[in-house]
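Okay, structure first, notes after.
Every number in this text was worked out from the coordinates using simple rules, so none of it is lab data. None of these values were measured; they are calculated from a predicted model. Please note: Cβ atoms are built from the backbone with ideal geometry, for glycine as well, and neighbour counts cover all protein chains shown.
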Amino acid sequence: MSTQTTSDQPKASADWSYSKAWRVVVVAILRVLLRLLMRYEWSGRENFPKTGGVILAPNHLSYADWPAVALFSDAYGHRFPVFMIKSAVFEVKVLGPLMFKLGELPVYRGRGDAGLVLRQAEQALKKGACVIVYPEGTASRDPDLWPMVAKTGAARLALTTGAPVIPIAHWGAQDILPYGTSKPHLWPRKTVRMVAGPPVDLSAYAGQRLSASVLRAATADIMADITGLLAKIRQETPPAVPYDLAAAQQLSSDGRTADGALAEGAAADSAGANSAGANSAGAESAGANSAAAIADGAGPA
């Protein structure tokens, strides 16, 4: 694949392509290696389209789940996986050029060309690729590792191209490499359970303008199917409302919930400051200033 560089950083070609020879080599190596590292319990092969563009949408638990998903797609579903991967991986010597040769798609975050990956993904889907999109965008931060509120990229791709979205749920990869750690737990071998569900029904959104509300609703449908599959694997009941990472980050930064209300801890701090302020004029002034700072979003988390 031809590439260009900007400030010594690789940039994907406008024409999505790959090397069939490199794919054969990588498949031969990884199939053997990954089977040595993990045990698998798979189901749902009948839901993989044999041909044509398709979007696989898995939940995300750790850095160990992407090779498990890759093997599931290739060895079980007989579809070579094309991932949307953060651009930093493409900047690694040897590995970066190989990613391009395999037809993987770099995601440039925080740059003017960040939308390029969606256009390339559309091209890949139109050429019959199996594109894997992690709707959550990052590993789950839910305390019990249930799927979170997701980003809208998978829904946008599906509604733009008409490609089916196959929900995938898996459980067990987090035991091999828990998120936030760098030391894998390889022995004894862990079992990764994975299932592919029927295509998500997005017919209600066909022909509609891709407004923010439409994309959010379609995304919620995708995540509901993924969560339902995971609940069956775990044989547990998921939370009624998915964990919202963006709201949690907002809360941690300014002590407020997503709707602007004070969190319990922040409210207690404010009440305590006001109570202390009643003891003296100086303390009262300090308490008022503290409350004002929290009200402006500048108070402690």
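Structure notes:
- In loop segments of the stretch 164-241 as defined by DSSP, the trypsin sites (Lys or Arg not before Pro) with at most 11 further C-beta atoms inside 10 Å of their C-beta are R209.
- Order of I176, I132 under a 10 Å beta carbon neighbour criterion, fewest first: I176, I132
- Alpha carbon centroid spacing (whole Å) that separates the stretch 23-37 from the stretch 124-172: 24 Å
- Extension gain, L95 to L210, is 37.8 nm, computed as 0.36 nm per intervening residue step minus the present C-alpha separation.
- The lysine pair count for the stretch 36-176, using Cα distances under 28 Å and pairs eight or more places apart or on different chains, is 15.
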